[in-house]
Each structure stands twice: as C-alpha cells, then as structure tokens.
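In what follows, a single structure is set out as structure tokens and then discussed.
The values are calculated or read from the model by the stated rules, or taken from the named source; none is laboratory data. Fair warning: this is a prediction, and the values are worked out from it, not measured in the lab. Cβ coordinates were reconstructed from backbone atoms using ideal geometry, including for glycine residues, and neighbour counts include every protein chain displayed. Ligands, DNA and RNA are excluded from the accessible area calculation, which covers all protein heavy atoms including side chains. Shrake-Rupley method; radii C 1.70, N 1.55, O 1.52, S 1.80 Å.
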Amino acid sequence: MRSASMLAYNLTLAMQSFKRAPSLYFLVVLTLSIGVGLLCANLALVNSMASDPIPEKSEQLFHVSMNTWPNDDPQAEPFHILRYREAMKIVSSDIPKNSAVFYASGVYARDSASPSLKRFDSSVRATTPGFFSLTNAPFAYGSGFIKSSVMEVVIGHELNQKIFTGENSVGKVLELDGELLTIVGVLKPWRLRPLFYHATEGRAFNLTDDIYAPLETSIDLGWSIHARSSSTVSYKGVKFTRDRDVFYLQAWVELENSAKKQAFQYYLDNYSQSLKDVGEHPLAIRNELRDVNAWLLEQNIVDQKVLAFTLASVLFLCVCVFNASSLLLSRFHSAKFEVGLRRAIGASNKNILMQGITESALLGVIAGLLSLLLSWLFLKLSIKFLPDLENLAVLEPKLLLLGVLLALVTAIFSALYPLYRGTRYTISAELK
Amino acid sequence: MNFATLNIKGLIKSLLLRKFTTGLLILQLAITLGLLVNSAILAFDTREKMSKPTGLDDENILIVSTHPTSGSYRDLDYYRSIVNEDLSKLNQLPGVNSVSITNQLPIRGRGMLSNTHDIDNPEQEKADKYLKDVKYTLAGEHLAEAMGFTIIEGRFLNKSDELDFDSEAKNNIVITESLKKGLYGDESAIGRETNNGIIVGVIKDIMLDPTLPRDKQYGLFMNTIMKYIFIGRFYVINVEPGQMANVRNQVSDTILAVQAERDIFDVFTMSEHLKNFYRDDQGLSDLFLLLCGLMIFVTAISSYAYSQFHISRQKKYIGIRRALGARKQDILLYVLTENWLVYTIGCALGLVMALGFNILLSQYISLSKPDMMLFLLASAVIFVAGTLATWIPAVKTSNIPPVIATRTV
C-alpha cells in the first residue's frame, strides 16, 4: 500500500520535473528513441533473416547435396542441384517420411473460363507431390496432387486473390502458357522467412510460389528452369533433361530420427558407389544432408550490409545514451536545490534515488513507445534505400517488446551516474 | 587572445573538474568522427564504382525487357516472326539508329556462362579460373551497333553466322579483348577455334560483370538468338542523342501493337541499368549518411548541453573574471577555446575510432582504408557543427555581467 502511494508520489514528482524543463526532457526522449528505434529496425531485419522458418520440424528436414558431377573439372564440392536420375533415386526411397524434388519455373496464368485475356506472371514450383506435407503447406481449400504427371496444380493465396478474388477455386481450370490444368488445392496465405526450400541464388527472401505443379508434367510441358542449372552437355530445353547430365533439381527429405538419417545417408552413398563401380562417378563420394538451419547458415543469407549498418546503429545508440546522460546530469545539477530541500525535511538518500529511478523509468517508457513508431519509420526508410529487403521488414511482437525494454534500460542506465552524483550533494551546501 | 593562451592550464583544470561530462562528450565526438570518416569512404567508394567506364554508349542505349504471355509462342516459328516484326517496327521509329535482341545484358553478375578454351588446349582453364565462367551472350547481328561496341580485330557477327536451326556446324563467335588475351596473349585470334566456335572478331572490352577484375571481362557472342528465341528477353535500341524521351514513350506501344499478349517488365536506359546494379551499395551509403546526420545532430545537442551546464556552474567565476577586467570577447573566446580543446581531444581519439570501425566494418562489407584527408575533413565538420552548437551558450556566458561576482561572493 505504502509502496503504491510512494510510486504515485514519485510519478507526480517526475511529472512536475518534466514540466519544469520540458525541452530538456524532450531532447532526452527524442535522442533515446531515435537510437533505440534505429537499432530495433535493424534488429527486425536481422531477425527476419536469421529466423527459423519452420521451427516445428526444422531439425528433421534435410537438404541433399551430392558430388555426382560427371567429370573432374569444375565441381569439386558437393552440388546443391541434382540430375533427374539422382532426384528419382531420392524420391523412390521409402526411408524418408516425405521427400520433395523440384525446380523453379514461371508461367503466365489466366482463368480459362474468363473472357479476359489478361494473364498473370506466376512463379512455379515444379515438384513431386511430397512437397506439401514436407513443408507443411497450409491448405485453405482442396489438397495437393497425388501424382507427378497429372494436369493438376495447387495455387497460392495471392494468385487465387488475383484471378478468383479469393473464392474457393478448386475444380476450376487455369490456362498456363497455353495448357489447361485443373486446380486441386488453394493455399492459405503462406509466409516462409527465409524461404528455406529455395535459399540459393539470392532467393531466400522471395515469397512462396504462386503455382505448384507436378514435376513430370512441368518437364513434359517444357516449362523452363528459372534458377541455376548447370550441365556438361548442350540440350534444347527442360524436356530433354531426364537422361542427360543436366543439374537443376533441388531435393529435400524428411527424416524423423538419426537412425533414419544414417540409413538415408547409407542409401545415397550406396547409390554413388554403384555409379563409381561403372565409372560414372569420377569425384570422391560426398553426399551431404543438412537440416534447415544448417543449410540456411551455409547459404550465408543474412545480408552483410544490414549487419554492417546494425553495427553502426549500436554505436549510434551509445552516442544517444551518452547524450541523454549528460543532459540528465545538467538537469539533476540544476535541481539540486530541490533535492537538498527534500533531504532536509526528511527524505532519505534512498528515497531520492527511488524518485530519480522512477523518473528515468517513466522517461524510458515514453521513449520506448516513441521508438516503436520510429522503428516502423526507419524500416520503411531502409526498404526505400535497400529495396531487396522488402519481404523482410516486419516488426514482430517480440521486437516491439525488445524496443520498449531497450529504451527502459538505456534510460535508467543514462540516469545512473547523474543520480549517483545527485545523491552526493551535501544538504547544507545546497541550502546555504 | 593572450587571455586564452595564458589560461590553457586553467582550461585543462576546469575540464578535469567535469571529468564525466567531458569524457562523455569526447567519446561521443570520437564515435561520431569514426562514423563520419567511414560513411564518407563508403560514399566515395560507391561513387568511384559507378563512374568506371562501361565501354558502352550508356546514355543512348534503351533496353526493353519483355516476355510473351500467350501459349501461341510455344510455336517457335510464330515467336520468331513476331520478334522480327518487333525489330523492324522498332527500327522504323524516328530517332532509332539500330535495334537488336539478346538473351542477357552486360553489367550483371553471373548469368549465362560457359567454359572456354582453345580447342587444342583444354588445360588453359586450369591455369586461369576465369575461363571457366565466360559470359555467353546470344546476339543478333546488329548488337554491335546497338550497344556501341568497338571492333578491334576482324568483324562483328553477320547474317552468314546464323546457322540453320538444326545445323551441327561450328558457330562463328566474337570475343572480348580480355578473353582474347586470356586465350592467345598478343597473337591474333582471328580464325582460331575454341570449344565454343571459331573466332571471327574481337571487340574492345566492355563491363560485363563489374564484380570481376577489369582485365577479366571475358565474354563471347554468337549469332544464335533466333535459334533459342525463347530466351531472347531483351531488345536493345540505340537512340540518337536527344531522342531518348521520345523513343522511350513509344516502344511499349509499338511492341504491343505488333502483338498484344506480351508482358513488358521494364524499359530502361543502360545508365539506369548501371545505377540499378549498384543500387544496394548506393542504398547502404545513403543510410550511413543519414545516420551521420542523426549522429551530428545528437552530438550537437550534447555540445550545447555541455556548455550550458558549464555556464550554470561557472557563473560566479566568470563574473569574477569580468569584474577583474576580462572583456566580453575574451570570455567568448575562453568558452569557445575550451570547447575546441575538447573537440581536438575528441578528434584525436576519433582517429583511432575511425580505424577501428573501418576494420570492424570490413568484416561485413568491402570498403577502402581511411585516409588523412578524409579524417581532416570530418574533423572540420565536427568543429563547425560543434562551434555552431556552442555559439549561443558562449554568447550567453560572455553576457554575464561583472556584477554577478559581487552578488555571489
């Protein structure tokens, strides 16, 4: 009870103090909130880049890299893209709970029943059916396709909004680059940050795809490869890749425990050995399974420019704290008469200290709230300067909390030395 | 004047009285200077990168990136006929010198690459790793005019270099000067055969991939774009000087008038393309400059608060000095000198900070080492900003009347 009324009293005193020197306190709040806001905006970007996109099973999903390059020339390291033959070997194994091999493509899409000829540029994931359960893709309507060679597709939320204004479009027929494919599923809004299933070629922060199409169908239709491909032979398009040394498919497998992982590693190594036995595997056998976080780490997707700027904004926050500290010192100095008076009529040093801390905590809370606004503003500004970061600029609740906490801590920290000085003035000297 | 010099000792003593605030201000100044210097380095680095010559007619090249949206284009003969129609219609626009088509643009990282070596000497690739990633551009025969290539040996591609689509014959190719040097040194390359075809011409280097060294701009061109028409994404238009805006306004309509089922992603000049390549560098450099602005602002507030605080504590002594005969300008100079002393110490420490920050930043991004000129420049900025910020308190101080002395003794 007493402490509650003390708090109320301290808050009243703080408000009085703010009123007495409004411009000074305004500057303190402003500098602290700019400093915290800027740092928070950067941390939000770093957080988006470094977060785990699928925490529920990131440790059970593995990216497959293999070392099957057919000559000993350029590719000495295991390669993140595979030939069709390796991909099929992976898909046909029953060790993984789920597996997916895919490549990225793109088509123009329109509702085949619509009178309008307007077509939408759509990114395509040409994949085996295991993709949906492997990635936990969230379905709004319908489900995934079951076979790899049917004229069926699953579409994403945004494309469904654009073409069918968001209604249940299962059963409708899309015209994709002149071919008719039936929609069997529509996804809910689906954000993966980073886009772990395709983190290479600078795509880690792309949005999820517009269209998910069966792999064999896409190959048969000749939908071109939109990501990295590499080959030792020339070929006339994706239709001709099945039996050639064209590397373009990425593979992911879901292995629930380390025994399964070992079994699958053994399965891959065995396959490579069988190639070696017939002289088709000139390089050393190195098949690598990396889980989601290890894979993302290896891809080095955290933007170095943002890290550099974060570093600078940490320094800036230091400067802001120093600034607030010297401002508060001058404030407490000019308030020493008042402090002396309160001490003389019976307030203890502890009371004075508590009062000072209450004041700076209040400052911190105000600065914290302002910094939320500013960090939102700085995020918008960063996107303007670095447009590639657009899909990353989100302030998650935990960052908002961090911002307020940071402001609180820096405000109290800034006030520490001024307070220490403030409580050391002798009563008599100040009241002389 | 003498007043200030005589009292340097007094100044230091008075600074020491305020160890904490002085220390804070000095640290602030040092950090600000460190950031200023490195931001300036970033800005200059970016500027230097962007001003490197591209070897192209930057201002007069207009590029259209487009892709068909209709399934009819799966018939490649149809596709080709539309492209030919596009090219001839674009060529007829007033102000257009030349039009061509290509699969990829210069001034880009990676892209379509191929390993390249003299047909009899595959070992070359082991000695020069850049030969493994030679930029492989499919061109039409007018690309040289459209881009403004300079031919230094042989000729550019012509109609006769375009083989029948099912022909297995060897292609004729044109290569860049640096690739010629990489393959054949100072010998002539005309008529020599590589794994990618027979060389018929050499062009002066252009900036193919800015991330590679100047002398490793390896690239080759062959007249096969019509064969692989489905990857012909870019129309390259050479425009007469002064006609750019005019032509630019018409290209989209011209193309869509030929056949409307096309997506035109973008219409841009080569200089915009160059700018766009460095967009992130520019963005980062701008962000750093913004931060510098904020930092100077905060530091100026601190300098102001520092002098203000100082007055409130020193009123009495300054009053005494005034009573003892110090003139107003002496006091002004005294206050300013005191601040300048702080700035000098701050800047000296800032030199260390600038170096340290440079090392720290270069873990993440590439930037040049700081030089003395920049450091001096940044110090000047600090001095000017600081002096401006302390001017009002300093004037106020000098206005303290001598009578204060009698009141407070």
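The residues A:Trp190, A:Trp295, sorted by heavy-atom accessible surface at 1.4 Å with ligands and nucleic acids left out, run A:Trp190, A:Trp295 from largest to smallest. Tally Lys/Arg at +1 and Asp/Glu at -1 over every other residue whose Cβ is under 12 Å from the Cβ of B:Gln104; what's the total? Every neighbour counted, the sum reads +3. Please compute the net charge surrounding A:Ile146, taking Lys and Arg as +1 and Asp and Glu as -1 over other residues with Cβ under 15 Å from its Cβ. Here the charged neighbours net out to -1.
Taking all protein chains as shown and a probe of 1.4 angstrom, B:Asp57 keeps an accessible surface of around 60 Å². Here the contact order of chain B, divided by its residue count and restricted to Cα pairs under 8 Å and six or more residues apart, works out to 29 percent. Charging the Cβ of each Asp and Glu at -1 and of each Lys and Arg at +1, and nothing else, the dipole of segment A:78-165 about its Cα centre rounds to 160 debye. In percent, rounded to a whole number, the relative contact order of segment A:64-192 is 21, using alpha-carbon pairs under 8 Å and six or more apart. Within segment A:147-167, what residues put their amide N at less than 12 Å from the label point 7 Å along the Cα-to-Cβ vector of A:Leu207? A:156-163, by backbone N distance to the label point.
Annotation: amide H of B:Glu153 within the under-5 Å range of B:Val202, sequence separation 5 or more or interchain, hydrogens built in the peptide plane.
Which chymotrypsin sites (Phe, Trp or Tyr not before Pro) in segment B:137-205 sit in a loop by DSSP (not H, G, I, E or B) and have at most 16 other Cβ atoms within 10 Å of their own Cβ? Taking segment B:137-205 and a limit of 16 other Cβ atoms within 10 Å, the loop chymotrypsin sites (Phe, Trp or Tyr not before Pro) found are B:Phe165. Extension gain, A:Arg242-A:Asn257: 0.36 nm per intervening residue step, less the Cα-Cα distance, totals 2.2 nm. Note on B:Ser65 and A:Thr165: the model spin-label points, each 7 Å out from Cα along the C-beta direction, lie 3.3 nm apart. When only the Cβ of Lys, Arg, Asp and Glu is charged (+1, +1, -1, -1), the dipole of chain B relative to its Cα centre reaches about 4220 debye.
What the Cβ-Cβ distance of A:Val365 and B:Glu240 gives, at R0 = 60 Å and to the nearest 0.05, is a FRET efficiency of 0.40.
If you take every residue apart from A:Ile54 with its C-beta less than 13 Å away from the C-beta of A:Ile54, what net charge results, scoring Lys and Arg +1 and Asp and Glu -1? Please report the intermediate quantities before stating the final value.
Working: positive: A:Lys57, A:Arg191, A:Arg193; negative: A:Asp52, A:Glu56, A:Glu59, A:Glu254, A:Asp291.
Net local charge, A:Ile54 excluded: -2.
Projecting the Cα atoms of A:Thr310, A:Asn323, A:Phe240 onto the dipole axis of chain A, where Lys and Arg carry +1 and Asp and Glu carry -1 at the beta carbon, places A:Asn323 farthest toward the positive end.
Between B:Arg214 and A:Leu180, the modelled label-to-label distance comes to 6.1 nm, taking each label 7 Å out from Cα in the direction of the beta carbon.
In this simple spin-label model, placing a label point 7 Å from the Cα along the Cα-to-Cβ direction at both B:Asp77 and B:Lys316 gives a separation of 10.5 nm.
Relative contact order for chain A: 28 percent, from Cα pairs under 8 Å spaced at least 6 residues apart, divided by residue count. When segment B:256-368 is described by a simple charge dipole with +1 on each Lys and Arg Cβ and -1 on each Asp and Glu Cβ, the residue from B:Tyr278, B:Phe297, B:Ile331 located farthest towards its positive end is B:Ile331. With a cut-off of 20 Å on the backbone N, the residues of segment A:1-31 near the modelled label site 7 Å out from A:Ser348 along Cα-Cβ are A:1-11. Shown here for segment A:232-308: trypsin sites (Lys or Arg not before Pro) in loop regions (DSSP other than H, G, I, E, B) with at most 12 other Cβ atoms within 10 Å, namely A:Lys236.
Using r as the Cβ-Cβ distance of B:Ile365 and B:Asn276, and R0 as 25 Å, what FRET efficiency do you calculate, to the nearest 0.05? Between B:Ile365 and B:Asn276 the formula returns 0.85.
Toward the positive end of the charge dipole of segment B:279-409, with +1 on the Cβ of Lys and Arg and -1 on the Cβ of Asp and Glu, the farthest Cα among B:Phe288, B:Gly350, B:Thr397 is that of B:Thr397. Note on A:Glu167: accessible area approximately 90 square angstrom, rounded to 10, probe 1.4 Å, nucleic acids and ligands left out. Using a 1.4 Å probe, how large is the accessible area of A:Ser112, given in Å² and rounded to the nearest 10? Using a 1.4 Å probe on the heavy atoms, I get roughly 50 Å². For the protein assembly as shown, the dipole from Cβ point charges (+1 on Lys and Arg, -1 on Asp and Glu) about the Cα centre works out to 6620 debye, to the nearest 20.
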